[in-house]
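> Questions regarding the structure given below will be posed in turn.
No lab work stands behind these numbers, since they all come straight from the coordinates. Computed from a predicted structure; not experimentally measured. FYI the Cβ positions are ideal-geometry reconstructions off the backbone, even for glycines, and counts take in every protein chain you see.
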Amino acid sequence: MTETVLEEKKVDKKWEPKIIAFLCNWCSYAGADLAGVSRIQYPPNIRIVRVPCSGRVNPYFIIKSLTDGWDGVVISGCHPGDCHYISGNLVARRRFAILKELLEFFGIEPGRVNFMWASAAEGERFAVLIRKATKIVKELGPNIKFQKEWC
Amino acid sequence: MVIETDNKEITNSIRENAKKLLSENQVDIVIGYSQGTIPLSSTLIIVRKEEDVDKLIWNNLCYINLARYLAPLMPQLCDSEGNSLRIGIVAKGCVGRAVNLLAAEKQVNLDKIKMIGFNCNGIVNRSKIDLEIGEKEILDVSISGDDIIVKGKNWEKKFPYDQYINELCKVCQIKSPSATEETCVGECQELDSIHDEFSDIAEFESKSADEKWTYIKDALQVCTLCYSCRQACPACYCNLCFVDQNKPIWFGKTTEFRDILVFHLVRAQHLAGRCVACGACSSVCPVGIDLNIITRKLEKIVKERFDYTSGLNAETVPPMMDFKMEDAEEFMLEED
């Protein structure tokens with residue numbers, strides 16, 4: 001896709017970001033379920049991938065998602081101290097901190113990658129945070145920097 | 001001090017210490033630097049006999065990080081039964097750091113390693129010299145006084161040392177290995193932490209996102225994905241690097257910019273808290289990419305977030321293998 005097409009797309013009001021969400025099986029995935037069961041509205045832009053723990057999310061997944069054309073990435077896990085595997089989310093937090101700073105250093109919008117904590121009981125919070133993440137990515141526009149150049 | 005005499009003193013001390021270690025049978029082999037086969041370079045030498053120690057040298061072109069040769073236990077470093085040999089290693093500050101890092105990551109056994117420490121006087125930035133010389137062929141390089149003299153057919157050029165020193169060496173604070181007398185002969189020091197202002201990358205960080213992106217794009221676009229930087233890095237010892245994995249293929253292998261970007265991004269991510277700032281990656285880069293800026297940024301992130309400097313000792317657990325409940329999480333998305 002050429003840059004001009006993407007520019008047009010950005011102006012187009014109908015453009016909606018596509019966001020991939022890696023949700024921890026033990027909390028956020030159930031949180032998303034709870035939001036659904038409780039009929040709390042959140043944007044339909046996210047596509048959910050269930051992972052056993054936020055510690056399972058390798059930085060490869062995040063960068064691969066961006067190169068594969070997703071406009072944004074959301075990673076959600078249990079609050080610190082609540083991890084089903086005791087410390088998976090704490091290990092992940094350090095990785096995410098570094099990735100986020102590196103993205104910023106390379107001049108890539110750090111807002112494309114969002115990290116959040118949401119427990120299984122926080123359907124409302126989950127919906128609010130997803131709304132917020134979608135808003136951030138929407139303002140950034142399509143993911144041009146990772147687009148293929150030759151096609 | 002004049003660089004030339006400084007180099008000679010260091011060379012002599014290295015030879016003396018190596019001779020002592022070999023003659024007292026404290027080590028089986030000594031890994032060190034020797035004269036390179038092409039100008040502007042140096043190469044690795046493994047000394048096994050006392051009489052060969054005169055082949056060891058030190059000059060400002062010894063950019064290789066020798067710890068690179070410790071991590072994957074090479075057959076040369078084992079005896080006929082496959083037991084690892086006792087190794088003496090010529091260690092400038094950053095080689096010492098790398099040895100400590102490998103020991104902290106349980107890749108080498110410090111009991112079997114003896115460092116030959118000295119006060120490093122900096123490394124010359126080869127790519128900068130290469131760039132100025134251009135297409136002309138270099139026949140001879142020598143260091144006299146404070147100048148590097150590069151000679152070719154019918155031409156000669158002088159490069160003042162203090163202008164062509166590597167950027168990382170300018171801000172380096174760990175000139176001799178951080179070790180105790182048990183693991184190190186010669187110069188060494190015991191460091192717990194260092195104070196660093198990181199003023200050299202503050203300017204880059206203050207740029208806007210677009211300016212950063214343009215800079216990074218211009219700098220990395222010439223990359224040919226030869227992976228020399230990975231090969232030279234003492235911290236890159238994985239059996240299967242993520243770029244070589246083909247099941248699944250994580251990242252593309254074309255020289256399209258996004259593939260280059262992804263390689264450098266993930267490489268940086270892997271080196272967080274592990275990079276020892278030796279500058280070997282930029283020294284070996286065939287197209288002269290300045291990776292030092294990324295290196296310094298990594299050091300800064302780790303220092304500010306986790307108050308850690310890699311390779312100061314072999315006991316502290318590296319930050320990416322560790323976690324704390326109270327780590328900063330200002331980047332997490334929160335409700336308004």
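> Can you tell me, using C-alpha contacts under 8 Å and at least 6 residues apart, the relative contact order of the stretch B:199-321 as a whole percent?
The normalised contact order for the stretch B:199-321 reaches 27 percent.
> Something else now. With the dipole of the protein assembly as shown worked out from charges on the C-beta (+1 for Lys and Arg, -1 for Asp and Glu) around the Cα centre, which of B:Ser283, B:Trp250, B:Asn59 lies farthest toward the positive end?
B:Trp250
> I would also like to ask the following. Averaged across A:101-113, how many Cβ atoms of other chains sit within 10 Å of each residue's Cβ atom?
Counting other chains' Cβ atoms within 10 Å and averaging over A:101-113 gives 6.
> Something else: Taking the Cα centre of the stretch B:199-321 as the origin, how large is its charge dipole in debye, to the nearest 20, when only Lys and Arg (+1) and Asp and Glu (-1) carry charge on their Cβ atoms?
Magnitude of the dipole: close to 340 debye.
> Using just the helices of chain B, give the 222 nm mean residue ellipticity in deg cm²/dmol: DSSP H runs with n ≥ 4 each add -39,500 (n - 2.57), and the total is spread over all residues, rounded to 500.
Value at 222 nm, helices only, nearest 500: -9500 deg cm²/dmol.
> If you find the alpha carbon centre of the stretch B:1-42 and of the stretch B:147-208, how far apart are they in angstrom?
19
> If you don't mind, there's one more thing I want to ask. Let me know the charge dipole size of the stretch A:17-140 about its Cα centre in debye, to the nearest 20, where only the beta-carbon of Lys, Arg (+1) and Asp, Glu (-1) is charged.
100
> Can I ask one more? Taking R0 as 51 Å, what's the FRET efficiency between B:Asp210 and B:Asp140 from their Cβ-Cβ distance, rounded to 0.05?
Efficiency for this residue pair is about 0.65.
> What's the lysine pair count for the stretch B:230-336 at a Cα cut-off below 28 Å, pairs eight or more apart or interchain?
Taking the stretch B:230-336 as the scope, the lysine pair count is 4.
> Shielding of B:324-336 by partners, i.e. mean partner chain Cβ atoms within 10 Å per residue?
So the per-residue partner count for this stretch is 6.
> In addition: What is the stretch A:17-140's relative contact order, in percent, from Cα pairs under 8 angstrom and six or more apart in sequence?
Relative contact order here is 39 percent.
> Specify the inter-centroid distance of the stretch B:272-336 and the stretch A:22-55, based on alpha-carbon positions, in whole Å.
So the separation of the two Cα centres works out to 32 Å.
> Taking the number of other C-beta atoms within 10 Å as the exposure measure, put B:Arg48, B:Arg68, A:Arg93, A:Arg56 in order starting with the fewest.
Placing the least packed residue first, the sequence is B:Arg48, A:Arg56, B:Arg68, A:Arg93.
> Taking B:Lys136 as the anchor, which aspartates and glutamates have their alpha carbon closer than 13 Å to its alpha carbon, excluding any fewer than eight residues away along the same chain?
Once the sequence-local aspartates and glutamates are set aside, what remains near B:Lys136 is B:Glu156.
> Using just the helices of chain A, give the 222 nm mean residue ellipticity in deg cm²/dmol: DSSP H runs with n ≥ 4 each add -39,500 (n - 2.57), and the total is spread over all residues, rounded to 500.
It comes out at -13500 deg cm²/dmol, rounded to the nearest 500.
> Sorted by average packing, counted as other Cβ atoms within 10 angstrom per residue and highest first, what order do B:130-141, B:273-284 take?
Ranking the peptides B:130-141, B:273-284 by packing returns B:273-284, B:130-141.
> Let me ask something additional. Which value, in debye to the nearest 20, gives the size of the charge dipole of chain B about its Cα centre, when Lys and Arg are +1 and Asp and Glu are -1 at the Cβ?
With only Lys, Arg, Asp and Glu charged at Cβ, the dipole is about 1280 debye.
> Still on this structure, I have one more. Give the average, rounded to an integer, of partner chain Cβ atoms located within 10 angstrom of each Cβ in B:162-168.
Counting other chains' Cβ atoms within 10 Å and averaging over B:162-168 gives 0.
> Roughly how far apart, in whole Å, are the Cα centres of the stretch B:241-268 and the stretch B:69-131?
So the separation of the two Cα centres works out to 28 Å.
> Please arrange B:Glu211, B:Glu203 by how many other C-beta atoms lie within 10 Å of their C-beta, fewest to most.
B:Glu203, B:Glu211
> Another question about this same structure. Quick query: amide H of A:Val74 versus all other amide H atoms, modeled in the peptide plane; which residues come in under 5 Å with a sequence gap of 5 or more or a different chain?
Amide H neighbours of A:Val74: A:Ile20, A:Ala21, A:Phe22, A:Asn114.
> Give a residue-ordered list of calculated ³J(HN,Hα) values for the stretch A:128-138 (Karplus: 6.51 cos²θ - 1.76 cosθ + 1.60, θ = phi - 60°; whole Hz; x for Gly, Pro).
Calculated HN-Hα couplings, in order: 4, 5, 5, 4, 5, 4, 4, 4, 4, 5, 4 Hz.
> Further, regarding this structure: Taking 41 Å as R0, compute the FRET efficiency from the Cβ-Cβ separation of B:Asp327 and B:Asp130 and round it to 0.05.
The value I calculate is 0.45.
> Among B:Thr255, B:Thr43, B:Thr295, whose mean-square fluctuation peaks in a Gaussian network model of chain B (Cα, cutoff 10 Å)?
Of the options given, B:Thr255 has the highest mean-square fluctuation.
> While we're on this one: Tell me, for chain B, which Cys residues have no other cysteine's C-beta sitting closer than 4.7 Å.
B:Cys62, B:Cys78, B:Cys120, B:Cys169, B:Cys172, B:Cys223, B:Cys226, B:Cys238, B:Cys241, B:Cys275, B:Cys285 - these cysteines have no disulfide-compatible partner (Cβ-Cβ under 4.7 Å) in chain B.
> Quote to one decimal, in nm, the extra length available between B:Lys153 and B:Asp111 on full extension: 0.36 nm per residue of separation minus the C-alpha distance between them.
So the extension gain works out to 10.2 nm.
> First check a/c for the protein assembly as shown, with a ≥ b ≥ c the square roots of the eigenvalues of its C-alpha gyration tensor; if it is under 1.5, answer rounded, and if not, answer prolate when a/b is larger than b/c or oblate otherwise.
prolate
> Further question on the same structure: Near the amide H of B:Ile29, under 5 Å away, which other amide H atoms are found, from residues 5 or more places off or on another chain, if H is placed in the peptide plane?
Those qualifying (amide H under 5 Å, at least 5 residues apart or on another chain) are B:Arg86, B:Gly88.
> Still on this structure, please answer the following. Would you mind calculating the relative contact order of chain B from Cα pairs under 8 angstrom and at least 6 residues apart, reporting the percent as a whole number?
RCO, chain B: 18 percent.
> Over 26 Å between Cα atoms: which of B:Lys55/B:Lys151; A:Lys100/A:Lys145; B:Lys19/B:Lys151 fall into that group?
Going by Cα-Cα distance, B:Lys19/B:Lys151 fall outside the 26 Å limit.
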